[in-house]
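I have placed the structure first, in the form of structure tokens, so that the comments after it can refer back to it.
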Amino acid sequence: MLLGPVFTAEMVTAARRRRYFLLRLLFAAGLLLLLWTCCLGVRGGRDIGGELTLSESSELATAFFMSFSWITLGVTLLVVPAIAAGSIATERDRRTIEYLFATDLSNAEIVLAKLVAKLLLVGKLLIVALPVIAIFRLLGGIPGDLLLAFYVILGSTSLLLVMLSLSISVWTTRARDAMTRVYLLLIAVLIIPTVLWAWMRALQASGVGLTTIIDAILFVCEFFNSVNPLWVYGQAIGGGGGALGISLDTSAIWQMAGIHLAISAVLATISVLAVRRVHLNSISASKRETKSRRTRRVGERPMLWKECFAKSAATKLGWIGRAALILIVVVSMGITLTAFVSLIINSNQWQAPWEQFMGATATMSAMYGTGVVLLVGVRAAGLVSYEKERDCWLSLLSTPLSAGEIVGGKVVGNLYAFRWLPLPLAFTWLLQLYLNPATIIAGGFTFLMLLVTCLFASVVGVAFSLKFSTTLKSIGATMGVLIMVGGGYVLCCCVPTMIGSDGEGYQVVFALVIPFLLAIPSMATFDGMNDEGWLVIDYLIGLFVYGIATVVIYELCRQNFDQLAGRTIEKSRTANAS
């Protein structure tokens with residue numbers, strides 16, 4: 001029987017974890033807030049307690065469902081990997097997988113039981129919205145075929161994400177590394193092909209050569225777009241919805257669902273066959289491993305040396321993570337270089353190409369920089385919890401290192417681990433500087449904002465890593481805070497601010513949106529933006545808020561370190577005295 005003791009243990013353990021109840025509560029609260037904003041939009045700022053007309057009811061149902069569907073797809077893509085990425089990696093990290101292998105359980109019973117258990121967890125999260133959708137179905141405005149198509153997309157996407165996360169977890173020894181690999185792969189598969197497709201279409205329209213290469217790249221991008229739920233859903237609804245005039249194309253949806261099922265079946269087969277062999281091979285490889293890392297010194301700061309150069313602190317991306325990261329970097333630099341070449345060729349029409357180049361660099365800086373910030377936060381979230389899981393934390397606490405040395409070393413060491421990722425932004429800045437020396441100021445402010453937001457993400461991750469005992473809890477909390485504070489709140493307050501606002505309040509809403517803040521320095525170089533003083537105000541507000549928040553969180557971690565870490569008073573006095 002496939003659903004045996006592993007499935008029972010997974011469900012019993014999940015039922016005792018408060019984070020899943022909190023996640024469902026937050027999702028339900030977000031739906032209610034979304035309903036409120038949709039009501040405000042339909043009523044035009046009037047009293048929402050009044051009776052709705054038939055047209056308003058249909059419009060409200062349509063607006064709510066379209067907003068709900070996009071948000072739910074986004075939540076699925078963000079939350080499901082965090083739920084499933086540690087399925088096997090956590091067992092390997094805690095060395096409990098060896099107990100499973102010592103039983104008479106087969107590989108299929110272990111892997112498929114975890115798969116079904118994680119699918120049920122995801123299903124319980126998504127089913128929270130079912131009663132609300134059922135009520136709105138009665139108001140009209142939501143075609144039945146649209147509702148069915150959306151849940152087909154949601155179901156096949158959830159299955160593929162769970163299976164993909166579980167498969168990567170089979171080849172990963174740490175939950176933190178497994179989650180990083182999954183998110184990098186999702187970016188490479190969902191975002192990069194879409195950006196690359198638009199880039200190739202622009203090259204075709206410009207009349208450049210290389211027709212065969214461009215067609216081949218377009219063919220590959222279109223295949224990946226055909227399995228991208230965001231792309232397929234956007235193409236299927238044709239930009240409309242319900243009573244507003246929908247053009248639903250279900251053939252692409254069913255085709256995508258079939259591909260998702262086929263890929264999931266292949267991944268499940270590979271995982272079942274490889275789970276035991278991969279673990280045994282990794283143990284043999286670790287015994288043959290030699291110490292080849294070069295020894296370096298960082299003054300008299302042993303904690304900083306440990307976080308920067310010790311092997312245990314390194315993030316292991318694996319070949320999947322490295323390939324995804326290389327693809328992201330190459331595409332980001334390629335888009336910038338293409339815009340630069342286009343500007344040089346059309347130098348006789350300086351104004352339009354210059355703004356096109358700065359627009360491309362602003363978009364690239366925002367997207368790429370935001371990804372760097374999220375990766376910094378994910379890694380920081382496992383710096384302390386990983387040592388707790390490996391029983392190394394008590395040994396560290398027994399040293400005479402002070403709270404400031406431990407927390408500061410982990411924050412700075414975490415930034416050092418991503419020292420090469422800002423290179424595409426530096427490449428973009430050099431191209432801007434070549435074209436216009438005045439952009440040296442814009443580049444400097446871009447790097448300043450990236451540094452401050454990365455410091456904020458690092459201290460938030462370390463703070464949650466100190467508080468929680470497991471890496472998955474810490475990563476989930478860190479991702480939630482970074483996404484919500486760094487721009488997710490706009491989904492909640494953007495519509496109410498637009499309604500009845502003179503425009504200034506709407507502009508202030510974006511003062512903490514990290515992608516927007518990273519794009520402001522490049523946007524400020526547009527001629528039409530020279531008089532937009534609110535851009536500078538938003539930038540200064542964001543810089544001030546994130547800077548102050550970083551200092552405050554760091555000081556709270558340092559001052560409350562003994563309580564959070566479980567260090568005794570005697571050890572604390574010894575550390576401070578030294």
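The values are calculated or read from the model by the stated rules, or taken from the named source; none is laboratory data. All of these numbers come straight from a predicted model, not from anything done at the bench. Methodologically, a virtual Cβ is constructed for each residue, glycine included, from the backbone with ideal geometry; neighbour enumeration extends over all protein chains shown. In case anyone asks, the SASA skips ligands and DNA or RNA and just uses the protein heavy atoms, side chains included. Shrake-Rupley method; radii C 1.70, N 1.55, O 1.52, S 1.80 Å.
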Q: Sticking to Cα atoms, compute the Rg of segment 380-472 to one decimal and its Dmax as the biggest Cα-Cα distance, whole number, in Å.
A: 17.6, 56
(Q) Taking the solvent-accessible surface of protein heavy atoms with a 1.4 Å probe, what is the per residue accessible area of segment 383-449 in Å²? (A) 45 Å²
**Q.** Per-pair calculated FRET efficiency, R0 = 35 Å: LEU556 and THR399 via Cβ, rounded to 0.05
**A.** 0.95
(Q) Using a 1.4 Å probe on the protein heavy atoms, what percent of the accessible area of segment 398-468 belongs to carbon and sulfur? (A) 79 percent
Q. Roughly how much of GLU387 is accessible, in Å² to the nearest 10, using a 1.4 Å probe?
A. 10 Å²
**Q.** Convex hull volume per residue in cubic angstrom - Cα atoms of segment 174-237
**A.** 94 Å³
Q) In the full protein assembly as shown, how much of MET484 is accessible to a 1.4 Å probe, in Å² to the nearest 10? A) 90 Å²
Q: Starting at the first residue of segment 480-489, write each ³J(HN,Hα) from the Karplus equation 6.51 cos²θ - 1.76 cosθ + 1.60 with θ = phi - 60°, in whole Hz, x for Gly and Pro.
A: x, 5, 5, 5, 6, 6, x, x, x, 5
(Q) Can you give me the solvent accessible area of ASP215 with a 1.4 Å probe, rounded to the nearest 10 Å²? (A) 70 Å²
(Q) Leaving out ligands, DNA and RNA, and with a 1.4 Å probe, what % of the accessible surface on segment 97-189 is carbon or sulfur? (A) 75 percent
Q: Kindly identify segment 85-210 as rounded, prolate or oblate by the Cα gyration tensor criterion: order the square roots of the eigenvalues as a ≥ b ≥ c, call it rounded if a/c is under 1.5, otherwise compare a/b with b/c, prolate if a/b is larger, else oblate.
A: oblate
**Q.** Stretch gain in nm, segment GLN563-PHE219, where the contour uses 0.36 nm per residue and the Cα spacing is subtracted
**A.** 118.2 nm
